[in-house]
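Data first, discussion second: the structure below is written as structure tokens.
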Amino acid sequence: MKKHKKNGFTLIELLIAIFILTVGILGIMAIFPMASRIEKSNQIITVATQLAQGKAEEILYKPYNEITVGTTTENYGSISNFNSFKRIAKVNYYDPENSTIASSDLGIKQIEITVYWESPLGNSERSTAVISLVSKR
């Protein structure tokens, strides 16, 4: 008597293949929302960095003697077209020998711009900062 080979898949093999395929597709689909959140977070960080750099350049454009020492705060809603950001600009005298803030003018000022925003998840405030030095010419 001859044995006949049957070609094809059994129902169990087919169900296992469909299950593995479904798990793989669901795993890949779960990546898309996470990637979207990461992209939005990176976009916010880029805008915040540009806001900090823009303020630093605005201060650095002035002559050394017109750059006043002190802190300036632009609260949420006060930066035109960027209502969800807060910006704090600090200008201090700087001691280059000790790499610290100085109490008197040694010919160098440190400009520190920090930009804050609410996390997209709404549970924390995030920030980025730009620090520059300017000296007498």
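Every number in this text was worked out from the coordinates using simple rules, so none of it is lab data. Keep in mind the model is a prediction, meaning the values are calculated, not measured. For neighbour counting, all protein chains shown are included, and Cβ atoms are generated from backbone atoms with ideal geometry for every residue, glycine included.
Structure values in brief
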item	result
Rg to Rh quotient for the stretch 1-80, alpha carbon positions, Kirkwood Rh	1.59
Linear extension gain, Ser36 paired with Glu66, 0.36 nm per residue minus alpha-carbon span	6.4 nm
Point-charge dipole on Cβ atoms (K/R +1, D/E -1) for the stretch 22-137, about Cα centre, debye to 20	160
Surface/4 of the Cα convex hull for the stretch 11-135, nm²	12.1
In degrees, nearest ten, helix 11-60 long axis to first principal axis of the chain (Cα)	10
Rounded FRET efficiency, nearest 0.05, which uses the C-beta distance separating Val23 from Glu125 and R0 of 30 Å	0.20
Pairwise centroid distance, computed over Cα atoms, of the stretch 22-67 with the stretch 104-137, Å	16
Cleavage-rule hits (GluC sites (Glu not before Pro)) in the stretch 54-117: DSSP loop, at most 15 neighbouring Cβ within 10 angstrom	Glu97
The stretch 11-135, relative contact order [Cα under 8 Å, separation at least 6], %	21
